[in-house]
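The values are calculated or read from the model by the stated rules, or taken from the named source; none is laboratory data. Model, not experiment: these values are computed from the prediction. Glycine gets a Cβ as well: all are built from the backbone with ideal geometry, and neighbour counts include every protein chain shown.
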Amino acid sequence: MIYFQTKPDAVFEAILKEAFASEASEIQLLSDDGAIDSWEGLYPETSQRLCPYEAVRVLVQLSAAVNDSQVYRLTDLHWLVLYETLKNFSVTHNDLLDDFDQHTRSVGDYQIGEVDSEALVTIYFWDTDFFFCNRQETWAGQTSNPRQCAAGEESSPEEDVVIPALEPVGELGWIVREPLFRAGSTRYPDYGDG
């Protein structure tokens, strides 16, 4: 599990699992097609730091963390990829709603209407300081070396960006909220105000 500001509910975990899988597939397709401009357009911040293959590696790492019973603290790099993944997943999910009669679609075991990515950031993210690190090109005291990986380009292990390991969290101090998705909800999160 990922150590968020607010303890994730089952619906958010389902969103994360689908977002990691679908976005990893999308990034892989963009990379395989050599659509670097599309990659940079969909992931403007992440693409400054990682090539598509490296971003997929981060998504695989995040997916493993979500499926683990151990709770992990993310690095700024992970938060950045997570942020843009949720944003892109939400846009795609919301765009697809018009294709469904009930204006909801299956995400895991749930039928979900609109997903508000900005609300997800407010509820679950500790802060957005990871943007500052990306723009300053520093990560944990290291200067980044942004580069592009051309489609099909093989990089040697020495050229690979080191993806930091996730740190297990011993003592948890997250917020526990009332349910953000109830019977009859048409959006996530649903504050019940309309």
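Couple of notes before you dig in:
- Filtering segment 170-183 for residues that are modelled with pLDDT of 55 or more, surrounded by 14 or more Cβ atoms within 10 Å (Cβ to Cβ) and among the aromatic types (Phe, Trp, Tyr) leaves a non-empty set.
- Test: residue in segment 141-163 that is modelled with pLDDT of 60 or more, assigned to a strand (DSSP E or B) and not aliphatic (A, V, I, L, M): no
- Residue check, HIS78 closer than 30 Å to GLU171 by Cβ and either at pLDDT 95 or above or not acidic (Asp, Glu) (or both): yes
- Screening ASN88 against (1) under 20 Å from TRP126 (Cβ atoms); (2) of a type outside the set (A, V, I, L, M); (3) surrounded by fewer than 23 Cβ atoms within 10 Å (Cβ to Cβ); (4) at pLDDT 95 or above leaves a single unmet condition, (1).
- Within segment 50-89, being of a type outside the set (A, V, I, L, M, F, W, C), assigned to a helix (DSSP H, G or I) and free of Cβ contacts under 8 Å to residues at least 60 places away in the same chain holds for SER63, TYR83, GLU84, LYS87.
- Candidates ALA55, ALA14, ALA65, ALA24: the one that is buried (at least 17 other Cβ atoms within 10 Å of the Cβ), in contact with a Ser or Thr (Cβ under 7 Å, 6 or more places away or on another chain) and within 30 Å of ILE175 (Cβ to Cβ) is ALA55.
- Residue match in segment 102-121 (condition: small (Gly, Ala, Ser), within 21 Å of TRP174 (Cα to Cα), in contact with a strand residue (DSSP E or B) (Cβ under 9 Å, 6 or more places away or on another chain) and modelled with pLDDT of 95 or more): yes
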